[in-house]
Amino acid sequence: QVQVVESGGGLVQAGGSLRLSCAASGRTFSRYAMAWFRQAPGKERAFVGGISWSDGSTYYADSVKGRFTISRDNAKNTMYLQMNSLKPEDTAVYYCAAELYGLGYGTFRNAYWGQGTQVTVSS
């Protein structure tokens, strides 16, 4: 079992940047595919991007490609989401998910989830 905790959210102006972190407990972090999802008010939770456990392949939603970058540091049991060129429509609660031997994309239905961190982008 693994626990994940997000951090780094906040208020930023459009065009600005933020870096989110997802810290995981346990000694098998490297075996987990990791992902970021987000949920805006009145909308369903949606996949933002993910990273595989095996070779570090990354996957992104079309809406964030070229602006967001996912990375992981297995030595620190941490995943990151670098968000650049932020837009008001990026405003949401961002969730971290960890899925054992997952692909790095998809629903992450068998994942462990964090409590989320709020990102607000002002226009």
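On inspection, Asp62 does not qualify as over 26 Å from Ser122 (Cβ atoms) and assigned to a loop (DSSP other than H, G, I, E, B).
Within segment 110-117, does at least one residue satisfy the condition of being closer than 15 Å to Val4 by Cα, in contact (Cβ under 8 Å) with a residue 60 or more places away in the chain, polar (S, T, N, Q) and outside any strand (DSSP E or B)? Yes; the residues of segment 110-117 include at least one that is closer than 15 Å to Val4 by Cα, in contact (Cβ under 8 Å) with a residue 60 or more places away in the chain, polar (S, T, N, Q) and outside any strand (DSSP E or B).
Inside segment 85-108, can you point out the residues that are polar (S, T, N, Q) and within 18 Å of Ser7 (Cβ to Cβ)? Scanning segment 85-108 gives a single hit, Thr91.
With respect to Val119, determine if the residue is touching a Gly at 6+ places or on another chain (Cβ under 6 Å) and either within 17 Å of Gly10 (Cβ to Cβ) or open to solvent by less than 10 Å² (accessible area, probe 1.4 Å) (or both). Yes: the conditions hold for Val119.
To keep it simple, each residue is scored yes or no on (1) open to solvent by 40 Å² or more (accessible area, probe 1.4 Å); (2) touching a residue at least 24 places away in the same chain (Cβ under 8 Å); (3) over 20 Å from Ser123 (Cβ atoms).
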{"residue": "Arg67", "(1), (2), (3)": "no, no, no"}
{"residue": "Leu81", "(1), (2), (3)": "no, yes, yes"}
{"residue": "Ser85", "(1), (2), (3)": "yes, yes, no"}
{"residue": "Tyr101", "(1), (2), (3)": "yes, yes, yes"}
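For segment 1-49, the candidate set comprises residues that are more than 15 Å from Leu81 (Cβ to Cβ) and polar (S, T, N, Q); within that set, the residue that is most open to solvent (accessible area, probe 1.4 Å) is Gln1.
The numbered conditions (1) assigned to a loop (DSSP other than H, G, I, E, B); (2) of a type in the set (S, T, N, Q); (3) more than 13 Å from Trp113 (Cβ to Cβ) are all true for Gln1 except (3). Evaluate the following for Ser71: is it within 10 Å of the chain's Cα centre (by Cα), of a type in the set (Ser, Thr, Tyr) and open to solvent by 30 Å² or more (accessible area, probe 1.4 Å)? Taking the combined requirement at face value, the residue satisfies it.
Among the residues making up segment 67-123, a single one is basic (Lys, Arg) and within 11 Å of Ala33 (Cα to Cα): Arg72.
Conditions (1) of a type in the set (Asp, Glu); (2) assigned to a loop (DSSP other than H, G, I, E, B); (3) over 15 Å from the mean Cα position of the chain (by Cα), marked per residue:
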site	(1), (2), (3)
Gly16	no, yes, yes
Ala35	no, no, no
Glu44	yes, yes, yes
Phe47	no, no, no
Ser54	no, yes, yes
Ala75	no, no, yes
Leu81	no, no, no
Glu89	yes, no, yes
Tyr95	no, no, no
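The values are calculated or read from the model by the stated rules, or taken from the named source; none is laboratory data. All of these numbers come straight from a predicted model, not from anything done at the bench. Cβ atoms come from the backbone with ideal geometry, glycine included; neighbour counts cover every protein chain shown. Heavy atoms of the whole protein, side chains included, go into the accessibility calculation; ligands, DNA and RNA do not. Shrake-Rupley method; radii C 1.70, N 1.55, O 1.52, S 1.80 Å.
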